There are 2 protein chains.
Amino acid sequence: MPVNLLQVDNNQLKPISGVRLGTARAGIRKPGRRDILVIEVESGAAVAGVFTTNRFCAAPVLICREHLSFSDVRYMVVNTGCANAGTGEEGLADARATCDELARLTGTRSQQTLPFSTGVIMERLPMDRLLAGLAGALANLPYGTWGDAAEAIMTTDTQAKAYSVNALVAHCNITVTGIAKGAGMIHPNMATMLGYVATDAAITTELLKTLVKEVADATFNRVTVDGDTSTNDSFIVIASGKAGNALITSESDPAYSELRAALVKVALPLAHAIIRDGEGATKFITVQVEGGKNMEECLKVGKAIAHSPLVKTAFFASDPNLGRILAAIGYAGITDLDVSKVRLSLGDVLVSEHGGRAASYREEEGQRVMKETEILVKVELGRGPASTSVWTCDFSYDYVKINADYRS
Amino acid sequence: MPVNLLQVDNNQLKPISGVRLGTARAGIRKPGRRDILVIEVESGAAVAGVFTTNRFCAAPVLICREHLSFSDVRYMVVNTGCANAGTGEEGLADARATCDELARLTGTRSQQTLPFSTGVIMERLPMDRLLAGLAGALANLPYGTWGDAAEAIMTTDTQAKAYSVNALVAHCNITVTGIAKGAGMIHPNMATMLGYVATDAAITTELLKTLVKEVADATFNRVTVDGDTSTNDSFIVIASGKAGNALITSESDPAYSELRAALVKVALPLAHAIIRDGEGATKFITVQVEGGKNMEECLKVGKAIAHSPLVKTAFFASDPNLGRILAAIGYAGITDLDVSKVRLSLGDVLVSEHGGRAASYREEEGQRVMKETEILVKVELGRGPASTSVWTCDFSYDYVKINADYRS
């Protein structure tokens, strides 16, 4: 059961002018469910993406990187049920054939299309069903919604993930809407499993390439379910330019920061939604690390805590076995850490200081916080001014069950 | 249930001349079980150790490091039930008081004693019961066995771990006997939770300091249960010098390599025993990585596979979802890895080559190997001559159960 994850409300998802969505039921892995999404982008939009750092990255990731270098993307196609990763040369040919067919059907060039896949690794795509499904998804473009699109890209997700905001950029009202999927194999290292955020704001493609990295870094790159970096992570931002704001051409333009803030406002709840829907999750945990010398060491500590199976099972059990958090801080890789300066709090309860248990700490207080479903772990390193947060979930029986059963 | 872990046979554990063991039931955490071990070493023995790299290392680890700089160790005391880690200045005072009392009872100096603790983190030692138990353990010295000692240091272990061999060193018959404990919070980074190996061979203390690192690196530093590096990892080698071999004084002496081989023969099965008894383990997995440019990158790949919760749950389910192993190889951190040269085998079955599924691979074959309890994962990187192995276990419901319940 997802942790405090609101159902997607189609009525609150704002369309983005210049972007249309179409879905189809192609029977890629299971019959009867939406499993293909086509995104159509009007000519002139800026599109940029970041992708997994996994060396065994999926064939579609390789093709996306290649096609994005042409920067006049018009169509994207996402299939669920099969990741087309660990599929060698045949997998690359399958991804190219998908782009070719989409280009043929839409009268565009193959390089103007981006392919995405998610699902089981090391299996070939069912090309007949995938190609046959493209026409249906294109026919659905006039009717497709962001809610349907969010549903079409799910794998082990128990709920669709979509979010929408309005914002002012250079005094112009803009809209940002995004979708994401992911619940396991989540330790994004560039981006999440799959995330698509669109805005009608106008920005150059070059600048959007910088912006998409900054947004991924502040959102999807700060969450982890199980520490496994996927082969297919992709995060795409589309800027259709229909909002009427003056084209953003420089990072020093205040509108750049305004747009970044608006994109983060959508990308962060999407990243959090992945954790809230994390495989087997029963709790949503924010690990806030302060007082680091630099961001890098704050991240090391945050991720060591967020990855520790011992910490995560203790959260599942509501057991304030907080020494496990101290142990994770200790092995996070800060070799000159002075543990006597570290302070650890759980919610509003100071747990540890001066290298040991805080004199004021009462186990009942720790227990009270551990029983909540939204938990803040605060670490003060006492070394400098840097801080950051990472987000994770607990580790339950159901994580094992889901991953022991996933393919069967 | 441990995986193919033989019960300790007291009759096969060879005593080490110059080393005596005494245990007691002090009621540290639970009444009625052996929970204190005292090891007595005759004057003139060489003793060396390696310890956790965790910055939140336990108070006894700090004291061990300090006292080992004096290098005339006569007594060691190990308690289970409480780790005396994350206990600040009070914890240090407790560990020193333990040494003081042991020195008083034995007529030695406090610096000639080494304290060790294992158990729950961030709780103070019950000093009254611990100090009271020392006399009982000392009184047991004439009768204590290595089997009793192995039992006295257990925490969540389901079986005691002890092993013994004879070997020839410089044509002289020597004996090596060792014990270890550990089942969770296992990702040793210098040594395991606790391991003690004694030999009657003669070697200088200086050289033993080098040797203990080499042995730990080949054995305990190659295993992982959950990727959590403990606060209390300690691995000690005692060389009593009673065997009659000529004192080993140089690494270039062939006897040095002979002794190292003999120590590894005991330390490796002890390290494997920790995995076989890994929390919730149902399978024993050897990850053999070959064809690396250097040992470091082989280790990165081996550990990425051995740490992946997705890989480990797939082994639990006997599900040949082998794309998860490719994904782990891909994110292991070899940034210039050419995945088209990587070969992956499961036991005798070639699973993947040329970046995808091997043409010869049949899922029934993968399934057959996955159902075994002893599984070999072989990765050939195709980059160079280096190779290494790491060992791990699968990830089951019981891992979660054990760690959600550990303190209750």
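The values are calculated or read from the model by the stated rules, or taken from the named source; none is laboratory data. Just so it is clear, the model here is predicted, and its values are computed rather than measured. Virtual Cβ from ideal backbone geometry, glycine too; neighbours counted across all protein chains shown.
So is A:VAL342 within 12 Å of chain B (Cβ to nearest Cβ), closer than 30 Å to A:ARG29 by Cα and either surrounded by fewer than 17 Cβ atoms within 10 Å (Cβ to Cβ) or among the β-branched types (Val, Ile, Thr) (or both) or not? Don't jump to the end; show me each part of the working.
Working: within 12 Å of chain B (Cβ to nearest Cβ): yes; closer than 30 Å to A:ARG29 by Cα: no; either surrounded by fewer than 17 Cβ atoms within 10 Å (Cβ to Cβ) or among the β-branched types (Val, Ile, Thr) (or both): yes.
In short, no.
Could you tell me which residue of segment B:276-296 is farthest from the other protein chains (Cβ to nearest Cβ), considering only residues that are in a strand (DSSP E or B) and not aromatic (Phe, Trp, Tyr)? Spell out how you get there, then give the answer.
Restricting attention to segment B:276-296, the residues satisfying the condition of being in a strand (DSSP E or B) are B:284-292.
Right, trim to not aromatic (Phe, Trp, Tyr) and you get B:285-292.
Details: B:ILE285: 15, B:THR286: 21, B:VAL287: 16, B:GLN288: 19, B:VAL289: 14, B:GLU290: 17, B:GLY291: 15, B:GLY292: 14 Å.
Step by step, filter segment B:276-296, then rank; the result is B:THR286.
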Pair list, Cβ under 6 Å, 6 or more apart: segment A:295-317 residue within 18 Å of B:TYR397 (Cα to Cα), other residue surrounded by 21 or more Cβ atoms within 10 Å (Cβ to Cβ) and among the acidic types (Asp, Glu): A:SER308/B:ASP228; A:PRO309/B:ASP226; A:LEU310/B:ASP228; A:LYS312/A:ASP394; A:PHE315/A:ASP394; A:PHE316/A:ASP394
Filter result (of a type outside the set (A, V, I, L, M, F, W, C) and more than 14 Å from chain A (Cβ to nearest Cβ)) within segment B:30-57: B:LYS30, B:PRO31, B:GLY32, B:ARG33, B:ARG34, B:ASP35, B:GLU40, B:GLU42, B:SER43, B:GLY44, B:GLY49
Extreme residue, modelled with the lowest pLDDT, among residues of segment B:297-331 that are within 8 Å of chain A (Cβ to nearest Cβ) and assigned to a loop (DSSP other than H, G, I, E, B): B:ASN321
Residue within segment A:338-347 that is within 30 Å of A:MET1 (Cβ to Cβ), of a type in the set (Val, Ile, Thr) and at pLDDT 90 or above present: no
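For segment A:41-57, what are the residues that are assigned to a loop (DSSP other than H, G, I, E, B) and within 17 Å of the chain's Cα centre (by Cα)?
Here is the first cut: in segment A:41-57, the residues assigned to a loop (DSSP other than H, G, I, E, B) are A:42-45, A:52-57.
Matches in segment A:41-57: A:THR52, A:THR53, A:ASN54, A:CYS57.
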Selection within segment B:351-365 - closer than 25 Å to B:PHE316 by Cβ and surrounded by 19 or more Cβ atoms within 10 Å (Cβ to Cβ): B:VAL351, B:SER352, B:ARG357, B:TYR361
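Among the listed residues A:THR80, A:THR87, identify the single one that is within 15 Å of A:THR231 (Cα to Cα) and in contact (Cβ under 8 Å) with a residue 60 or more places away in the chain.
Details: A:THR87 fails: in contact (Cβ under 8 Å) with a residue 60 or more places away in the chain.
Selected residue: A:THR80, the only one of A:THR80, A:THR87 that is within 15 Å of A:THR231 (Cα to Cα) and in contact (Cβ under 8 Å) with a residue 60 or more places away in the chain.
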A:PHE395, sole failed condition from (1) within 14 Å of another protein chain (Cβ to nearest Cβ); (2) part of a loop (DSSP other than H, G, I, E, B); (3) over 21 Å from A:PHE315 (Cα atoms): (3)
Subset of segment B:70-86 that is crowded, with 24+ Cβ neighbours inside 10 Å and out of contact with any Leu (no Cβ under 8 Å at 6 or more places or on another chain) - its residue that is nearest to the other protein chains (Cβ to nearest Cβ): B:ALA83
Test set (1) out of contact with any Leu (no Cβ under 7 Å at 6 or more places or on another chain); (2) hydroxyl-bearing (Ser, Thr, Tyr); (3) assigned to a strand (DSSP E or B) - B:SER17 fails condition number: (3)
Single condition A:ALA183 does not satisfy, out of (1) at pLDDT below 90; (2) touching a strand residue (DSSP E or B) at 6+ places or on another chain (Cβ under 7 Å): (2)
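Being within 14 Å of another protein chain (Cβ to nearest Cβ) and either in contact with a strand residue (DSSP E or B) (Cβ under 6 Å, 6 or more places away or on another chain) or buried (at least 19 other Cβ atoms within 10 Å of the Cβ) (or both) is the filter here, so list the residues in segment A:367-392 that pass it.
Going through segment A:367-392, the residues within 14 Å of another protein chain (Cβ to nearest Cβ) turn out to be A:367, A:370-371, A:379, A:381-383, A:392.
A:MET370, A:VAL379, A:LEU381, A:GLY382, A:ARG383, A:THR392 - these are the residues of segment A:367-392 that are within 14 Å of another protein chain (Cβ to nearest Cβ) and either in contact with a strand residue (DSSP E or B) (Cβ under 6 Å, 6 or more places away or on another chain) or buried (at least 19 other Cβ atoms within 10 Å of the Cβ) (or both).
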Scan of segment A:131-159 for residues that are at pLDDT 90 or above and in contact with a helix residue (DSSP H, G or I) (Cβ under 7 Å, 6 or more places away or on another chain), ordered by number: A:LEU131, A:LEU134, A:ALA135, A:LEU138, A:THR145, A:GLY147
Selection status of B:GLU363, over 21 Å from B:PRO309 (Cα atoms) and not small (Gly, Ala, Ser): yes
